[in-house]
Amino acid sequence: MLNRGDDILILLAAGSARRMQSVVDDKITATLAGTPVFIHSLRAFLNTGLIGRVIITYRDSDQFARLRLQLAEHPMPDHLIQFVSGGESRQDSVYAALQTCEGHTGLVHIHDGARPLVTDEAIRKVRAKAWATGAAILAGRSADTVKIAKGDSDSVEASPDRGLVWTAETPQVFRTATVLRAYRKVAMLGRKVTDDSSAVEYVGQDVSLVENTTVNLKLTRPSDFVLAEAILKTR
């Protein structure tokens, strides 16, 4: 079994804040309950003792400088952390980070920096499943009935069984060699994927769903900050 501290964390911080309506310039470095958003995410993983290396993707030189400044203000084990310039899309950023992981024989956790509410229990659950199966993602069961639209229209094509519908979250955890091979394949094929498990499916790897029973909100709109602060106060 992997020794404690052998896992890699890829923390995605290069995304834009387009849906923040200019209220927040950068949701990753914005303050949440007195602490930068990405620091909440980073601490959650480092506190598990599972992570031996952290790769943070960044958007541009200005964000890179803010990330480094905030890390200095919230001391972390600097020797574990490195930065990689992200790409135009999430997919590009993940692939850039994964290419620095060549030869790693353990597990890699890929997490959205804008999900600051992830818990120790959730991280450990999805990691344990990934260790057993090779690939696992944190996910939630759909609480609503889902509709599939007809092409680009707003008409209903189908209503799938809600019991079969899950919403993908992060972290998504994989054997490093598997997910790196998957991203190379989707790059070669020119395919676009919106999450990591979609890439892994291209190489025939089954992906296990691990139900998350706690709130793991992704900060997308200004109101999400209010909700996240309220949730943090209850923990």
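A short reminder: the numbers here are calculations on the coordinates, not readings from a lab. Nothing here was measured: the structure is a model prediction, and the numbers come from that model. Counting neighbours? That spans all protein chains shown, and the Cβs are built from the backbone with ideal geometry, glycine included.
Could you tell me the calculated FRET efficiency between residue 223 and residue 168, based on Cβ-Cβ distance and R0 = 25 angstrom, to the nearest 0.05? Please list the in-between numbers first.
Numbers: r = 22 Å, r/R0 = 0.87.
Result of the calculation: an efficiency of 0.70.
With only Lys, Arg, Asp and Glu charged, each at its Cβ (+1 for the first two, -1 for the last two), find how big the charge dipole of the range 7-233 is about the Cα centre; round to the nearest 20 debye.
Once rounded to the nearest 20, the dipole reads 220 debye.
Rank the residues 215, 179 as a footprinting-exposure proxy: fewest other Cβ atoms within 10 Å of their Cβ go first.
215, 179
Determine the alpha carbon to alpha carbon distance for each of 129/150; 147/233; 129/192 and list only those over 31 Å.
Exceeds cut-off: 129/150; 147/233.
Starting from 0.36 nm per residue, how many nanometres of slack lie between residue 65 and residue 191 once their C-alpha separation is accounted for?
Stretched out fully, the residue 65 to residue 191 stretch lengthens by 42.1 nm.
Taking the number of other C-beta atoms within 10 Å as the exposure measure, put 74, 79 in order starting with the fewest.
79, 74
What ³J(HN,Hα) values, in whole Hz, does the Karplus curve 6.51 cos²θ - 1.76 cosθ + 1.60 give for the range 65-74 when θ = phi - 60°, with x put for Gly and Pro?
Computed from phi, the couplings for the range 65-74 are 5, 5, 4, 5, 5, 5, 5, 5, 7, 10 Hz.
List the GluC sites (Glu not before Pro) in the range 37-119 that DSSP assigns to loop (not H, G, I, E or B) and whose Cβ has at most 13 other Cβ atoms within 10 Å. Which are they?
Counting only loop positions with at most 13 other Cβ atoms within 10 Å, the GluC sites (Glu not before Pro) in the range 37-119 are 88, 102.
Can you tell me the FRET efficiency between residue 214 and residue 47 if r is taken as the Cβ-Cβ distance and R0 is 22 Å, rounded to the nearest 0.05?
0.90
With +1 on each Lys and Arg Cβ and -1 on each Asp and Glu Cβ, and nothing else charged, work out how big the dipole of the range 66-178 is about its Cα centre, in Debye to the nearest 20.
Using Cβ point charges on Lys, Arg, Asp and Glu, the range 66-178 gives about 340 debye.
How large is ³J(HN,Hα), in whole Hz, for each residue of the range 129-140 in order, when computed from phi with the Karplus curve 6.51 cos²θ - 1.76 cosθ + 1.60 and θ = phi - 60°, using x for Gly and Pro?
Karplus values, whole Hz, x for Gly and Pro: 5, 5, 5, 7, 10, x, 7, 8, 10, 6, 8, x.
Can you compute the FRET efficiency between residue 120 and residue 83 using 1/(1 + (r/R0)^6), with r the Cβ-Cβ distance and R0 = 25 Å? Round to the nearest 0.05.
Taking R0 as 25 Å, the efficiency between residue 120 and residue 83 is 0.50.
Over the alpha-carbon set of the chain, divide Rg by the Kirkwood Rh and report the Rg/Rh ratio to two decimals. Please list the in-between numbers first.
Details: Rg = 17.6 Å, Rh = 18.4 Å.
My calculation of the ratio gives 0.96.
Can you list the trypsin sites (Lys or Arg not before Pro) in the range 117-155 that are in a DSSP coil and have 13 or fewer other beta carbons within 10 angstrom?
When the trypsin sites (Lys or Arg not before Pro) of the range 117-155 are filtered for loop state and at most 13 Cβ neighbours within 10 Å, 147, 150 remain.
Where the centroid of each part is defined by its Cα atoms, how far is the range 46-71 from the range 145-200 in Å?
Value for the Cα centre distance between the two parts: 26 Å.
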